[in-house]
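Below is one structure, written out as structure tokens, with a few remarks after it.
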Amino acid sequence: QVQLVESGGGLVQPGGSLRLSCAASGVIFSAHTLGWYRQAPGKGRELVASITSGGTMYYPNSVKGRFTISRDNAKNTLYLQMNSLKPEDTAVYYCRVFPFDNWGQGTQVTVSS
């Protein structure tokens, strides 16, 4: 069974940076597309970045140029580098191994002065 543990969230001022990590187990990590999602209070879960097994990345316009997804297959770990953070980036961030519908506990990111 896929198990995911997200970490790295916290409180940061607008314009600041954070790097999230996601440790995965129970899956052949290198063979799958991976993604980061976020869920803000009262809103649905949205995809903010994905990376295929071949390294092709996708970002929605809302984070393009500010967020960078990367993967370390040797460590079974997914990363999300978030720069120029805005208050609207405040949410709980989750990682996912496609096509599985397993989720970790998430990590809270709060952007506030």
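Points worth noting:
- Estimated FRET transfer efficiency (Lys86, Gln1; beta-carbon r; R0 30 Å; 0.05): 0.25
- Candidates per trypsin sites (Lys or Arg not before Pro) in the range 48-110, loop by DSSP, up to 14 other Cβ within 10 Å: Lys64
- When only the Cβ of Lys, Arg, Asp and Glu is charged (+1, +1, -1, -1), the dipole of the chain relative to its Cα centre reaches about 140 debye.
- By the rule of a C-alpha distance below 16 Å, with chain neighbours fewer than 8 residues away ignored, the lysines paired with Lys64 are Lys86.
- Ligands, DNA and RNA left out, the accessible area of the chain computed with a 1.4 Å probe is 49% carbon and sulfur.
- Phi angles across the range 13-28 convert, under the Karplus curve 6.51 cos²θ - 1.76 cosθ + 1.60 with θ = phi - 60°, into 3J(HN,Hα) values of 7, x, x, x, 10, 9, 10, 8, 10, 9, 9, 10, 8, x, 8, 7 Hz, Gly and Pro given as x.
- Across the range 48-54, rounded Karplus estimates of 3J(HN,Hα) from the backbone phi angles (6.51 cos²θ - 1.76 cosθ + 1.60, θ = phi - 60°) give 10, 5, 8, 9, 7, 5, x Hz, Gly and Pro being marked x.
- Rolling a 1.4 Å probe over the protein heavy atoms gives the chain an accessible area of 50 Å² per residue.
- Mean separation of Cα pairs under 8 Å and 6 or more residues apart, divided by the residue count, gives the chain a relative contact order of 38 percent.
- For the pair the range 41-79 and the range 5-23, the centres of their Cα atoms are 13 angstrom apart.
The values are calculated or read from the model by the stated rules, or taken from the named source; none is laboratory data. The shown structure was predicted, so the numbers you read here are calculated from the model rather than taken from an experiment. Note that each Cβ is placed from the backbone with ideal geometry, even for glycine, and that neighbours are counted across all protein chains shown. Surface accessibility is based on the protein's heavy atoms, side chains included, excluding ligands, DNA and RNA. Shrake-Rupley method; radii C 1.70, N 1.55, O 1.52, S 1.80 Å.
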